[in-house]
Amino acid sequence: MSAEPNPVLSEARLEVSAIHKQFPGVLALNDVSLRLRTGEIHALLGENGAGKSTLIKILTGVYRPDAGEIRLDGEPIKFASPRAALAAGISGPRLIDHAAINRLAKPWIETVGLEVSPKKVVAELSVAQMQLFEIAKALSLQARILLLDEPTAAITPHEVGYLFRILDDLRRRGVALVYVSHKLEEVFQLCDRVTVLRDGRNSAADVEVASVNQDQLVTYMIGRAEVIAKLPPKPDPGEPVLEVKGLTTDQGDHGINLVLRKGEVLGIYGLVGAGRSELA
């Protein structure tokens, strides 16, 4: 299901034209363009290393482009720092006194559907709650443009649905959003337009999501149609070479069991913060 047309959609709020960014030995961005409209969710796609994060860092003032132009509401603008980008109303969800802040923060926390005290320590929140707090912080700064980099990478499907409802509400309020994701089904469900980077260049720019299919997006991203590799049949697993029973760690993990057998690949799966790295 693709996003329905938004009546708030208007001319470009943010325009990026012919952006170049060179690092030692690497041309990260080469003549890249992006056009973001008010009341639009614009997908930014590309493989790892395609230049997405570099572009986001330029838009939030972390990096300065070597060449090219950024226009905000039609006016050329240069961000010397992340603070300058925030002052212009651009946030990529990143802080702020104490008694008054708690009072001011409460309605923004409620806006994103969180039922937690502003005094709660961030480290005690779940990964999904942290994601929503980042959005609440951006909204509290009255951000007119919101840049979201893989916001669903560490949350459950139920939490994804709730996040999408929040983003759709922001779109209706006229906020312009850039949405970075590797999950193409999310792009078709949520986004209005899409820009794709490949090897630091535009392979597609400002394309209506409703006008393309998944195979076309994959081709834009990798330069060819998706090919499903045929794997050889799995060998029968051998005897156990590593067994873990009732493992407890000082990070809070407990009751962990696993068996790794000769000649097999054992996957360890879980959301960010679930304890996978600690176990390893």
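The values are calculated or read from the model by the stated rules, or taken from the named source; none is laboratory data. If you're wondering where the values come from, they're calculated on a predicted model, not measured in any experiment. In this analysis, Cβ positions are derived from the backbone assuming ideal geometry, glycine residues included, and neighbour counts consider all displayed protein chains. In case anyone asks, the SASA skips ligands and DNA or RNA and just uses the protein heavy atoms, side chains included. Shrake-Rupley method; radii C 1.70, N 1.55, O 1.52, S 1.80 Å.
Summary table
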{"read-out": "Filter result (touching a Gly at 6+ places or on another chain (Cβ under 8 Å) and in a helix (DSSP H, G or I)) within the range 96-137", "value": "Val127, Leu132"}
{"read-out": "Near pairs, Cβ below 8 angstrom, 6+ apart or cross-chain, from the range 159-171 (among the polar types (S, T, N, Q)) to any residue that is open to solvent by less than 30 Å² (accessible area, probe 1.4 Å) and in a helix (DSSP H, G or I)", "value": "none"}
{"read-out": "Flag if Asp236 is modelled with pLDDT under 90, over 24 Å from Ala18 (Cα atoms) and in contact with a helix residue (DSSP H, G or I) (Cβ under 8 Å, 6 or more places away or on another chain)", "value": "no"}
{"read-out": "Odd one out for Thr152 among (1) more than 22 Å from Arg13 (Cα to Cα); (2) of a type outside the set (A, V, I, L, M); (3) surrounded by fewer than 18 Cβ atoms within 10 Å (Cβ to Cβ); (4) modelled with pLDDT of 80 or more", "value": "(3)"}
{"read-out": "Qualifying residue in the range 84-96 (condition: at pLDDT 90 or above, within 25 Å of Asp192 (Cβ to Cβ), surrounded by 14 or more Cβ atoms within 10 Å (Cβ to Cβ) and of a type in the set (S, T, N, Q))", "value": "no"}
{"read-out": "Hey, Asn30 at pLDDT 95 or above, surrounded by fewer than 21 Cβ atoms within 10 Å (Cβ to Cβ) and among the polar types (S, T, N, Q) or not", "value": "yes"}
{"read-out": "Any strands (runs of 3 or more DSSP E) falling wholly within the range 37-78 and containing at least 3 residues that are open to solvent by less than 20 Å² (accessible area, probe 1.4 Å) and within 24 Å of Leu170 (Cα to Cα)", "value": "41-45"}
{"read-out": "For Met1: the one exception among (1) loosely packed, with under 15 Cβ neighbours inside 10 Å; (2) modelled with pLDDT of 90 or more; (3) under 27 Å from Gly161 (Cβ atoms)", "value": "(2)"}
{"read-out": "Residues within the range 138-158 that are of a type outside the set (A, V, I, L, M, F, W, C), assigned to a loop (DSSP other than H, G, I, E, B) and under 28 Å from Glu185 (Cα atoms), tallied", "value": "5"}
{"read-out": "Some residue of the range 100-107 being open to solvent by less than 10 Å² (accessible area, probe 1.4 Å) and modelled with pLDDT of 80 or more", "value": "no"}
{"read-out": "Single residue of Leu266, Leu242, Leu260, Leu271 found to be open to solvent by less than 80 Å² (accessible area, probe 1.4 Å) and outside any loop (DSSP other than H, G, I, E, B)", "value": "Leu260"}
